[in-house]
Amino acid sequence: MTGWSHSGPSVVAAFLASLVEFVEALTIILAVGTVRGWRPALTGAGAGALLLLALVLLFGPLLTRVPLHPLQLGIGVLMLLFGMRWLRKAILRAAGVIALHDEAQAYAAETARLGVGVDARRDWVATATAFKAVVLEGLEVVFIVIAVGATGGTLIPASLGAAAAGVLVIALGLIVHKPLARVPENTLKFTVGVLITSFGVFWVGEGAGFGWPGGDWAIPGLAALFLAAALAAVPVARARAVPVGGAA
Amino acid sequence: MSVIRTALSELWGLFIDDGSLALALVAWSAVAVWLLPLTPAAPASHAPILFLGCVTILIVNVLASARRKSR
């Protein structure tokens, strides 16, 4: 079945996950551009983007040739691992157990690192830094686009969602010209973690031949249940993290 | 070689952060997929049981992680 119940969650998951990753990549690109110049920053970023595009074009269609149920099972387990990793950390950050990711701090650390010493080869280091940032952050986007796209036949909607996030972040970066520190990153990671985990459980079940009540509508239902459980876990985790006899 | 090692390490890190969480999820998925159909549980209950196992693993892991951090 195609339609919004099928492609909607894919578009939303790809858009939100890509938003988080593009923001983190933008921080590094801005640091490189500010300290070492925009040529190495944009060269590295462009090369990274081309590599990621090649991966999507190569693996996306390849995966559609794998038999459906093993594909759903394999991708489902990977999405479960990926989504739970994000969701677990988002819950612990919301509970104050681990620190929130700080884009301003990341930017300061990167500019300090790139500004150290005088080295004729630093342009290559700067280019490599930008390339690595785009590839590493983009790999997660590629995984999500391919995973939601290949298993659900929604490769194009998921790709469009990711592309829309990229355009938005680049536009904001050009306007603001500094790290997007005010983006509610943990809220986004919480949401993406819920969505990807829900996809993962859904596809594991589909791959195993289990019937989900409501068919594709089970995905938003699973998302609502995971969200409720995760939100309930936040205050409990916060209380557990307080040392015995210490103040919160 | 170190570039490949770094790339593989990053790829691994995409999916596995807390080893116990990953292990529990993979083990539960295997149990649900291969053993649930062999039980007397009604087929319509298999998917909800799969979900319940996953959410239980998440909550237990989060609370255990919070407890570890407080020590």
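The values are calculated or read from the model by the stated rules, or taken from the named source; none is laboratory data. Computed from a predicted structure; not experimentally measured. Every residue, glycine among them, receives a Cβ derived from its backbone with ideal geometry; neighbour counts consider all protein chains shown. Side chains included, ligands, DNA and RNA excluded: accessible areas come from the protein's heavy atoms. Shrake-Rupley method; radii C 1.70, N 1.55, O 1.52, S 1.80 Å.
For A:ALA31, indicate whether it is touching a Gly at 6+ places or on another chain (Cβ under 6 Å) and buried (at least 20 other Cβ atoms within 10 Å of the Cβ).
No, not satisfied.
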Picking from B:SER65, B:SER20, which residue would you name as being assigned to a helix (DSSP H, G or I), touching a residue at least 24 places away in the same chain (Cβ under 8 Å) and in contact with a Leu (Cβ under 7 Å, 6 or more places away or on another chain)?
-> B:SER65
Among residues belonging to segment A:38-55 that are crowded, with 21+ Cβ neighbours inside 10 Å and more than 14 Å from every other protein chain (Cβ to nearest Cβ), point out the one that is farthest from the chain's Cα centre (by Cα).
-> A:PRO40
In this structure, does A:ALA99 turn out to be at pLDDT 90 or above and farther than 30 Å from A:GLY149 by Cα?
-> no
Over segment B:46-62, the set of residues more than 19 Å from A:TRP203 (Cβ to Cβ) and open to solvent by 30 Å² or more (accessible area, probe 1.4 Å) is B:THR56, B:ILE59, B:VAL60
Give the residues of segment B:23-39 that are open to solvent by 50 Å² or more (accessible area, probe 1.4 Å) and not in a loop (DSSP other than H, G, I, E, B), sorted by residue number.
-> B:LEU23, B:VAL26, B:ALA27, B:TRP28, B:VAL31, B:TRP34, B:PRO37, B:LEU38
So is A:VAL66 open to solvent by 20 Å² or more (accessible area, probe 1.4 Å), away from every other protein chain (no Cβ under 12 Å) and either within 19 Å of A:LEU155 (Cβ to Cβ) or over 19 Å from the mean Cα position of the chain (by Cα) (or both) or not?
-> yes
Applying the selection to segment A:84-98, what residues are surrounded by 21 or more Cβ atoms within 10 Å (Cβ to Cβ) and outside any loop (DSSP other than H, G, I, E, B)?
-> A:MET84, A:ARG85, A:TRP86, A:LEU87, A:ARG88, A:LYS89, A:ALA90, A:ILE91, A:LEU92, A:ALA94
Which one is least open to solvent (accessible area, probe 1.4 Å) among residues in segment A:225-248 that are touching a Ser or Thr at 6+ places or on another chain (Cβ under 9 Å), assigned to a helix (DSSP H, G or I) and modelled with pLDDT under 95?
-> A:ALA237
Odd one out for A:ALA133 among (1) under 21 Å from A:ALA14 (Cα atoms); (2) open to solvent by 40 Å² or more (accessible area, probe 1.4 Å) | (2)
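Of all residues in segment A:204-224 being within 7 Å of another protein chain (Cβ to nearest Cβ) and touching a Ser or Thr at 6+ places or on another chain (Cβ under 8 Å), which is nearest to A:PHE190 (Cα to Cα)? Before the answer, list the steps.
To start, the set of residues in segment A:204-224 that are within 7 Å of another protein chain (Cβ to nearest Cβ) comprises A:204-205, A:208, A:210-212, A:222.
With the extra rule that they be touching a Ser or Thr at 6+ places or on another chain (Cβ under 8 Å), the set shrinks to A:204, A:222.
Working: A:VAL204: 21, A:LEU222: 14 Å.
Restricting to residues being within 7 Å of another protein chain (Cβ to nearest Cβ) and touching a Ser or Thr at 6+ places or on another chain (Cβ under 8 Å), the top hit is A:LEU222.
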